[in-house]
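As structure tokens, the structure follows; a few thoughts come after it.
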Amino acid sequence: MGEEVSFLPATSEWFEQTFGVPTEAQTLAWPAIRTGENVLLEAPTGSGKTLAAFLWALDGLYRQELSQPQKHGLSHSESFGARMQIAILRWQN
């Protein structure tokens, strides 16, 4: 996904296996998103705008999970997955 992009290895591997290479919109947005700047991304439907933003958010949440001690005997990915399911359920209600 390019050397300037610094996702966790698991995030990068998932992206590359799922999508191959980033779209132009993602390539242009990620450096600004990475620095925490506000970003307004204008691009055609289907260009990966939503994933550009949410992939950074998910990667950041997973980084937080990895920095915490393991809880209840769950692996970091299991714990992260459970927390994400709870957050989605709360958001839906």
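Any chance you could count how many residues in the stretch 55-70 are surrounded by 10 or more Cβ atoms within 10 Å (Cβ to Cβ) and among the small types (Gly, Ala, Ser)?
Filtering the stretch 55-70 down to residues surrounded by 10 or more Cβ atoms within 10 Å (Cβ to Cβ) leaves 55-66, 68, 70.
Imposing the further condition that a residue be among the small types (Gly, Ala, Ser) reduces the set to 57, 60.
Total satisfying the criteria: 2.
Could you please find all residues in the stretch 33-57 being modelled with pLDDT of 90 or more and either among the small types (Gly, Ala, Ser) or on the phi > 0 side of the Ramachandran plot (or both)?
Result: Ala43, Gly46, Ser47, Gly48, Ala52.
How many residues does the stretch 18-54 contain that are open to solvent by 90 Å² or more (accessible area, probe 1.4 Å) and under 21 Å from Glu65 (Cβ atoms)?
2
Here's the yes/no breakdown for (1) more than 23 Å from Gln85 (Cβ to Cβ); (2) in contact with a Gly (Cβ under 9 Å, 6 or more places away or on another chain); (3) assigned to a loop (DSSP other than H, G, I, E, B):
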position: Phe7; (1), (2), (3): no, no, yes
position: Thr18; (1), (2), (3): no, no, no
position: Thr27; (1), (2), (3): yes, yes, no
position: Glu42; (1), (2), (3): yes, no, yes
position: Ser47; (1), (2), (3): yes, no, yes
position: Leu51; (1), (2), (3): no, no, no
position: Gly60; (1), (2), (3): no, no, no
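The values are calculated or read from the model by the stated rules, or taken from the named source; none is laboratory data. Just so it is clear, the model here is predicted, and its values are computed rather than measured. Every residue, glycine among them, receives a Cβ derived from its backbone with ideal geometry; neighbour counts consider all protein chains shown. SASA here: full protein model, heavy atoms, side chains in, ligands and nucleic acids out. Shrake-Rupley method; radii C 1.70, N 1.55, O 1.52, S 1.80 Å.
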